[in-house]
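The values are calculated or read from the model by the stated rules, or taken from the named source; none is laboratory data. All values derive from a computational prediction rather than experimental measurement. Every residue, glycine among them, receives a Cβ derived from its backbone with ideal geometry; neighbour counts consider all protein chains shown.
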Amino acid sequence: MDGIHDLGGRQGFGKVEVDEPEEAFHHAWEGRVFGLVRGMSRPADWNIDWFRHCRELIDPTDYLTRPYYDQWLQAYAAMMVVSEIATVEELASGHADTKPSGLRPPISAADVKKRKSVSQNFEGEAEGPPAFAVGDSVRVKDLSVVGHTRLPAYARNRQGVIEKYHGAHTFADANAFGEKRAVPIYTVSFGAAELWPEAIGRRERIFLNMWEGYLDHA
């Protein structure tokens, strides 16, 4: 969404550290949050894109300053309240006063690792034939989005070329609000200077996977 979150990142927050030691969690509580999230039972209308949308609604100061798994905790707490699985008072006290109906029991700790390894298939049937073919010149729409989106801001209104067609897959922007539909996805290539004018004269190309709804013919 056009808030503090952007898929391409934000300028002005220093260098991205890529040489940190590779470790699953920096603190024990982070592993506990991960286990709770993986083990809990979810309502049928929850999905990864709804979670991302809720996380993107976190106050900008919190989003930028609090740890990653703290954001998870905030997002899941909000989702539980919205879905009436728990109340704010229950979350604050750490004690449930009611038992939500229609949910399966949470999985065991031993099964959390198994759940992590299960992959999901987001392929589907599109409503019509693909609008673009390999080699087509396209321009990314200059969209102003109020909900969740997987379109990075730096690619908006930029021109590229279709490199590959991947079939139709669940459209994340719509899936975040419970609308299940498959939309064609393409790999689009961009010259570095097309995305960042300061890269003029550079030969690199950037490849982005983009849903058809993000694109127009150039």
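In the range 163-183, the residues that are outside the structural domain of Ile48 (by TED's automatic domain parsing) reach residues that are surrounded by fewer than 19 Cβ atoms within 10 Å (Cβ to Cβ) and β-branched (Val, Ile, Thr) with C-beta atoms within less than 6 angstrom, at least six apart or across chains, in these pairs: Glu163/Thr187; Lys164/Thr187. Evaluated against (1) surrounded by fewer than 10 Cβ atoms within 10 Å (Cβ to Cβ); (2) in a strand (DSSP E or B), His169 falls short on exactly one condition, (1). Restricting attention to the range 123-160, the residues that are within 14 Å of Glu194 (Cα to Cα) and assigned to a strand (DSSP E or B) total 6. Pull up the range 138-162, narrow it to residues that are touching a residue at least 60 places away in the same chain (Cβ under 8 Å) and in contact with a Lys or Arg (Cβ under 6 Å, 6 or more places away or on another chain), then point me to the one that is nearest to Glu56 (Cα to Cα). Applying the filter and picking the extreme gives His148.
Each residue in the range 112-128 was checked for being modelled with pLDDT of 75 or more and either farther than 25 Å from Ile185 by Cβ or of a type in the set (D, E, K, R) (or both), and 3 of them qualify. Scanning the range 77-101 for residues that are outside any helix (DSSP H, G or I), in contact (Cβ under 8 Å) with a residue 12 or more places away in the chain and either surrounded by 12 or more Cβ atoms within 10 Å (Cβ to Cβ) or basic (Lys, Arg) (or both) gives Ser83, Ile85, Ala86, Pro100. Apart from one condition, Glu163 fits all of (1) within 24 Å of the chain's Cα centre (by Cα); (2) of a type in the set (Asp, Glu); (3) assigned to a loop (DSSP other than H, G, I, E, B); the exception is (3). Of all the residues in the range 190-218, those that are surrounded by fewer than 15 Cβ atoms within 10 Å (Cβ to Cβ) and small (Gly, Ala, Ser) number 4. Please enumerate the residues belonging to the range 134-163 that are aliphatic (A, V, I, L, M) and either touching a helix residue (DSSP H, G or I) at 6+ places or on another chain (Cβ under 7 Å) or surrounded by 10 or more Cβ atoms within 10 Å (Cβ to Cβ) (or both). Listed by number, the residues that qualify are Val134, Val138, Val140, Leu143, Val145, Leu151, Ala153, Ala155, Val161, Ile162.
Table: residues versus (1) free of Cβ contacts under 8 Å to residues at least 12 places away in the same chain; (2) of a type in the set (Ser, Thr, Tyr); (3) in the same structural domain as Leu151 (by TED's automatic domain parsing).
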residue: Gly35; (1), (2), (3): no, no, no
residue: Met40; (1), (2), (3): no, no, no
residue: Asp45; (1), (2), (3): no, no, no
residue: Arg52; (1), (2), (3): no, no, no
residue: Glu56; (1), (2), (3): no, no, no
residue: Asp59; (1), (2), (3): yes, no, no
residue: Tyr63; (1), (2), (3): no, yes, no
residue: Tyr69; (1), (2), (3): no, yes, no
residue: Ala75; (1), (2), (3): no, no, no
